[in-house]
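Values in this text are rule-based calculations from the coordinates and carry no lab data. What you are looking at is a predicted structure, and each value in this text was computed from that prediction instead of being measured. No Cβ is skipped: glycine too gets one built from the backbone with ideal geometry, and neighbour counts run over all protein chains shown.
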Amino acid sequence: MFCSLTMIEVLFFGLFLTFVNADGVADVVLSCSLVEEGAGLGGMGGGALFTRTPATLVLRDIPVGPDESLDTLTPFVPPSVPDPDLILFENKVSLPEIPNAGMLLHADCNEQEVMCEISRYTPRGLEEGSDPAYFMVSLSVVGFDFSTSLILQTLPVDKDQQTLVQNKLSLPLSQSGTLLTKVIFLVFSNINSVSAPLRGDVLLNCGFKQEEIPLAPEVGLEWRLQHRGKGRKVLEIKAKLDDTEGATVVHGERKGSSVDGAQVLSEGNVSMSLTELKVVDEGTYICTVNLGHFHAQQVIQLHIIQPPQVSLSEEKLVLSKGSPQTLSCHCAKYYPLEAQPETDSFLEKSRTAVYSRSTCVLHYLKSYTERLKQGSFQSNRGANRRVGA
């Protein structure tokens with residue numbers, strides 16, 4: 001169900017709105033930040049590294065599934081009086097479609113926070129400030145596996161003496177006071193973080209889409225791993241989009257890493273598989289797709305886990321009055337090494353005896369900052385519980 005909203009004026013308070021059209025598409029209005037470099041380089045001279053200015057992104061005509069209830073049939077209506085101080089990006093979502101964009105339709109009703117950042121983008125090889133202008137949009141939903149990076153290109157506007165110019169960006173506005181744009185390229189992922197077992201396999205999801213007219217004849221892909229201040233290339237691919245024989249060149253620097261070259265060309269699927277995972281594979285993976293002058297990326301966290309081998313010092317304890325005994329719980333060969341063993345016990349009473357049951361639990365801590373050196377899996381940890389009669 002969509003939130004029932006009728007007053008467009010609430011847009012200017014920075015809220016998230018959904019407007020649904022009768023033809024099975026919806027307009028979504030997102031409160032964003034325009035991120036720019038600050039006046040002070042490196043924070044020197046009292047200037048901030050980056051400045052943030054409120055901005056709004058309107059995604060028009062997002063497809064709505066047939067099972068959705070269309071209880072609001074009011075399309076997005078721009079401000080009645082154009083304001084050159086407002087930063088209002090308008091974008092019609094057609095091709096390429098934003099994967100899983102339907103999640104944005106329900107975010108506000110479900111009290112989910114949508115993160116939206118917009119920044120100027122200068123394509124490689126083009127001069128800054130060239131026409132048309134380009135912007136990078138980073139979208140994600142906090143706590144959910146939705147993340148995408150969009151590259152927007154401004155559309156031409158018929159200029160006359162009445163044409164308004166956006167005061168901060170110095171770009172011409174449409175008659176309704178919006179910056180008309182289109183999505184020309186996007187990189188997305190449906191996972192932000194994934195856990196996988198030691199010596200297991202994992203698939204790191206990443207994909208790209210572009211407008212119908214290809215931006216370049218060749219696509220480049222690079223997967224990199226960053227961990228504890230160090231980085232290394234994991235896999236690199238160059239593929240010609242015309243699907244000619246021998247058009248895909250794969251260079252994997254990590255044994256057991258692979259990308260399906262056929263899916264790169266047919267679906268824009270650049271997901272990477274890793275086999276026989278080791279501790280050194282843990283970290284932040286960066287998927288970067290290069291298409292001509294343009295590039296965008298996604299970031300995925302990979303956590304390695306290894307369940308412990310757990311044993312008790314005694315399987316059965318016979319207790320006598322005045323003779324307490326110690327039950328030890330031993331955990332070995334687990335990861336991450338910050339995990340701490342604890343014991344829990346409870347009593348069962350009968351007419352003739354009291355039984356004490358003890359459970360050994362290994363709790364994994366979220367902090368990785370104090371991890372022991374990689375590879376030291378053989379260290380044992382234990383917890384003792386003194387059991388009385």
Exercise. Taking H as built 1.01 Å from N, whose amide H comes closer than 5 Å to the amide H of Cys116, not counting residues under 5 places away?
Worked result: Ser33
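Please give me, ordered by residue number, the trypsin sites (Lys or Arg not before Pro) of segment 69-165 that lie in loop per DSSP and have at most 13 other Cβ atoms within 10 Å.
Details: sites: Lys92, Arg120, Arg124, Lys159; in loops: Arg124, Lys159.
Sparse-neighbourhood loop trypsin sites (Lys or Arg not before Pro): Arg124, Lys159.
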Problem set entry | Long-range amide H partners of Ala296 with built H, under 5 Å | Val289
Problem set entry | Reciprocal mean inverse distance between Cα atoms of segment 123-248 - Kirkwood radius, Å | 18.4 Å
For this session: Using Cα positions and a limit of under 26 Å, work out the lysines in reach of Lys168, with same-chain residues fewer than 8 apart set aside.
Result: Lys92, Lys159, Lys182
